[in-house]
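Report on the structure given below.
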């Protein structure tokens, strides 16, 4: 497991809910603070407005007409309102009648003029004329760029509201809210950074043990049952990773024991069968020497010998499949291996008048077990020879794609039906009358032991194409039976004939 991917997942898993929580808490705190401060400012403004209008001669003021700004009544009312504005640090105070026209305004609005500010607070004015102090629900921004709020207080005579007082105050708390918002954002960023750091530390603490467990599970899945699962040195009580490591090690040991018993059983059965086969073969040879070369009896002896040869091959395949040989990695030259395979398959090709062509796109060496790879490719070539019609072409190709190499064997046979393309690699699955079903199973086990894969598809020649893919480079020290991961180590190349990889070598056919 890559440490970066675990760290990224932990950071994402922790950071997203942390940011959502911090954001929700910060927004809620900011909203509650704003609403509380707005409500308090509204109560203060409406209270000031009601108090400012209580001591004024409202009857005389309501009798003022446009142009009476120079009268003593107007001057005294204006002075009183200006004093309240200075004391309470207001923006303005204004007295207006039920028709919404100005009576006195510290902002200098003439008598009888309409107050446009009243238009935005129609609902609040409805409560005002019912005798309730109120405040605007919305803030507004003045020409000076500052934010203000309006409060309204009623002026009553004989139980009836005859005028209203408008008090506009500066919402200075907005500056405090701005500071609060900045601090909340800073706290949120600090919290997010803390979550990232904690997640990275947690990922660092987990990635090592988890990575070792993943690597151990990968080795076990690939067939390496001899390498122990690493155990933590001093795990704390109740450590789930330590429990998982112990359980995985117990499973590995159980699988190793069962695999060893299976191999011993298969080897024992094969040896027990091979011993009498040798005796039967000896006596069949002696019997053949005593019989005439021609005749029915000689034909029957030859059939017995033919069946003995088949049974011997079956026993050898069982033994080879049961042994599970360890990987011995060497640098292999594709042209040398292709020439060696051509010479090994030559008798089969001559017998069926087949021709083998090679296409080697990249002659650079690659690391693999030469014996197992040679046998795997030879199995594929023999299968192609057995399934191809006489006189047909068999093609052996090699290419390098990125960090992998690919061997391809093409034939002109009937191909493999799509529904059987996975089953043919299972042990003991065969479509031939006298086949063990272990050849392709051995090829798949060889591919997986190297960290590669085998698959079958449609061939350009009309039959089947078997593709054996292996890592182009292996790690410095792959363990026994352990698939090598993609790394950077290169092994010294084996000595070979130095054949031209692009010559398209042909085996005699």
What is the residue count in segment 92-112 for residues that are in a strand (DSSP E or B), free of Cβ contacts under 8 Å to residues at least 60 places away in the same chain and over 14 Å from residue 69 (Cα atoms)? 1
Where residue 392 falls short, out of the listed (1) surrounded by fewer than 14 Cβ atoms within 10 Å (Cβ to Cβ); (2) in contact (Cβ under 8 Å) with a residue 60 or more places away in the chain: (1)
Only one of 162, 214 is surrounded by 14 or more Cβ atoms within 10 Å (Cβ to Cβ) and not in a strand (DSSP E or B). Can you tell me which? 214
Among (1) in contact with a helix residue (DSSP H, G or I) (Cβ under 7 Å, 6 or more places away or on another chain); (2) more than 28 Å from residue 33 (Cβ to Cβ); (3) not in a helix (DSSP H, G or I), which single condition is residue 203 missing? (3)
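Do we find a residue being within 18 Å of residue 171 (Cβ to Cβ), in the same structural domain as residue 171 (by TED's automatic domain parsing) and touching a strand residue (DSSP E or B) at 6+ places or on another chain (Cβ under 9 Å) anywhere in segment 52-66?
Step one: of segment 52-66, the residues within 18 Å of residue 171 (Cβ to Cβ) are none.
No, that holds for no residue.
Each row is one residue, and each column tells you yes or no for (1) buried (at least 23 other Cβ atoms within 10 Å of the Cβ); (2) in contact with a helix residue (DSSP H, G or I) (Cβ under 6 Å, 6 or more places away or on another chain); (3) under 19 Å from residue 365 (Cα atoms); (4) free of Cβ contacts under 8 Å to residues at least 12 places away in the same chain.
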residue: 379; (1), (2), (3), (4): no, yes, no, no
residue: 383; (1), (2), (3), (4): no, no, no, no
residue: 401; (1), (2), (3), (4): no, no, yes, yes
residue: 408; (1), (2), (3), (4): no, no, yes, no
Somewhere in segment 393-406, is a residue modelled with pLDDT of 90 or more and over 17 Å from residue 468 (Cβ atoms)? yes
Go through 423, 331 for me and flag whichever is over 34 Å from the mean Cα position of the chain (by Cα) and under 20 Å from residue 447 (Cα atoms). 331
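Looking only at segment 224-252, which residues are assigned to a loop (DSSP other than H, G, I, E, B) and either without any contact (Cβ under 8 Å) to a residue 12 or more places away in the chain or more than 15 Å from residue 208 (Cα to Cα) (or both)?
Of the residues in segment 224-252, the ones assigned to a loop (DSSP other than H, G, I, E, B) are 224-239.
Hits for segment 224-252 are 224, 225, 226, 227, 228, 233, 234, 235, 236, 237, 238, 239.
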Could you check, for segment 415-433, whether at least one of its residues is within 30 Å of residue 308 (Cβ to Cβ) and in contact (Cβ under 8 Å) with a residue 60 or more places away in the chain? yes
In a helix (DSSP H, G or I), in the same structural domain as residue 384 (by TED's automatic domain parsing), under 26 Å from residue 335 (Cβ atoms) and at pLDDT 75 or above - does that describe any residue in segment 456-478? no
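The values are calculated or read from the model by the stated rules, or taken from the named source; none is laboratory data. Predicted model only: the values in this text are computed from it and were never measured. Backbone-built Cβ (ideal geometry, glycine too); neighbour counts: all protein chains shown.
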